[in-house]
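The values are calculated or read from the model by the stated rules, or taken from the named source; none is laboratory data. Note that this is a predicted model, so its numbers are computed, not measured. Quick reminder, even Gly has a Cβ in these numbers, built from the backbone with ideal geometry, and neighbours come from all protein chains shown. Protein only, heavy atoms only, side chains kept; ligands, DNA and RNA dropped before computing areas. Shrake-Rupley method; radii C 1.70, N 1.55, O 1.52, S 1.80 Å.
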Amino acid sequence: MARLFGRAVEQAPAAPDLRLSAVVSRILSLVSESSLIIAPGEKVLLASDSARALGIVRDEKLVGEELAAMVRHARKGFELVESRVEFKRGRLGTGTFELIVRALLIPELGSGTVLVLIADESESRLVDEVRRDFVANISHELKTPIGALSILAEAVVEASDDPAAVRRFAERMGTESVRLGDLVQEIIDLSRLQSQDPLAHPSFVLLENVLSLALDRTKLSAQKRDITVVPSSAGGLGVMGNQEQLTTALTNLINNAIAYSPDHTSVGIGIESREDIVEIAISDQGIGISEADIERIFERFYRVDPARSRATGGTGLGLAIVKHIVTNHGGDVRVWSMEGSGSTFTLRLPLASNSQESE
Ligand code: ADP
């Protein structure tokens, strides 16, 4: 591509050339990497949609100190500057994009003008993590129910002339296999989630839709326990990302609020926007969580009371899934709780602007 530029600029004057900019912009539209053309003062002259989706352009300026330093470095000479850069997903949470950035001075486009090409490696990093975690999760968690099944199978053989005992053992085998099935499904869901980056191809997601889907999915369990879910309106608020993933996150939190609350109580869902952030708070009047446990509940397979969690069909993966989803959307999740009084889980996500909605 450097040769392409070289050829195109042979007859070009030293001053910025509009025709040349148009040619470069057309060439860049063919490049799979995100691209930017930056003038001195880190002014963005051109940015591809995917570069904007990374959140590195604000008010037509390049944001991110590390990126800006690379551009300044490239401006000093004619050498290609290349580096791996971690860039925060939005202002919240600990989620990052893993970017391979290349910057090259192209003075023919204007004095001090730098071309930046960015490859997003986040998705391939996620796939690696998934592969590693999947093996660890399977060996830890699946061994227990599989062990129980094989002991029950032996018990059935030994009790073959006692029909009542055979029935009892067979029923327990049924319960263990349902549990095993749920566990496998959640591990598959989590792995799938981890390998999909919601901000790689984001859409505008209306929170009202997420809310009504999540309420639909939790209606039956709320009814069974006579728990009233009181939602507030999400108005026209929206975020950029993946609707199915966000619905899963909200569904998991509402399901937990129901599972860890006494019958006949209520669960509130508050939605509020503050500047460029939306907060979704799910509050229950349930058993609450101790200070020591709060630190650990987002870990995979962590359960405060494994027996209770098993009775409610829990696998200890629900909150790990929630955390993954919001982190990958550039947000975070916080929890307030008091034992015996209840808990509030708050999701915070970057609000989508109106211009993103119309894109
Ligand atoms: P599980 O499948 O066991 O519900 P989660 O990852 O969803 O797993 O939650 C982890 C643990 O956190 C639960 O086992 C439970 O002890 C605690 N927990 C989660 N949500 C609540 C809540 N709303 N109230 C009280 N405890 C909760």
Fill in: Using alpha carbons only: equivalent-ellipsoid semi-axes of the chain, gyration tensor based, whole Å
51, 25, 16
Worksheet item: Where the only charges are on Cβ atoms (+1 Lys, Arg; -1 Asp, Glu), what is the dipole of the chain about its Cα centre, to the nearest 20 debye?
Response: 560 debye
Worksheet item: Among LYS88/LYS219; LYS43/LYS88; LYS43/LYS323; LYS143/LYS323, which pairs are too far apart, with a Cα-Cα distance over 27 Å?
Response: LYS88/LYS219; LYS43/LYS323
Worksheet item: Hey, rough spin-label estimate for ASP293 and THR175, points 7 angstrom out along Cα→Cβ, what's it come to in nanometres?
Response: 2.1 nm
Discussion item. Could you report region 232-302's accessible area per residue, 1.4 Å probe, as an integer in Å²?
Written reply: 43 Å²
Worksheet item: Taking K and R as +1 and D and E as -1, what net charge do the other residues with C-beta under 14 Å from the C-beta of LYS224 add up to?
Response: +1
Worksheet, complete the sentence: Calculated from DSSP helices alone, with each H run of at least 4 adding -39500 (n - 2.57) and the total divided by the residues of the chain, [θ]222 nm to the nearest 500 comes to -14000 deg cm²/dmol
Worksheet entry | Residue-normalised accessible area of region 2-120, given per residue in Å² at a 1.4 Å probe | 55 Å²
Discussion item. Less than 12 Å Cβ to Cβ from GLU60, Lys/Arg counted +1 and Asp/Glu -1: what total charge do the surrounding residues give?
Written reply: +2
Response to the item:
Taking alpha-carbon centroids only, region 15-89 lies from region 198-245 a number of Å equal to 36 Å
Item to complete: Figure the gain on full extension for THR96 and VAL184 (residue separation times 0.36 nm, minus the Cα-Cα span) and round it to one decimal in nm.
Response: 28.9 nm
Worksheet entry | Semi-axis lengths (Å, descending) of the ellipsoid that matches the C-alpha gyration tensor of region 199-359 | 27, 17, 14
Item to complete: Return the carbon/sulfur percentage of the accessible area of the chain, one whole number, probe 1.4 Å, all protein chains in place.
Response: 53 percent
Practice prompt. Averaging sequence separations of C-alpha pairs under 8 Å and six or more residues apart, then dividing by the length of region 203-359, give the relative contact order as a whole percent.
Written response: 26 percent
Worksheet item: Cα centroid distance between region 183-197 and region 94-130, in Å?
Response: 28 Å
Worksheet item: Taking only C-alpha pairs under 8 Å that are 6+ residues apart, what is the relative contact order of region 252-313 in percent?
Response: 27 percent
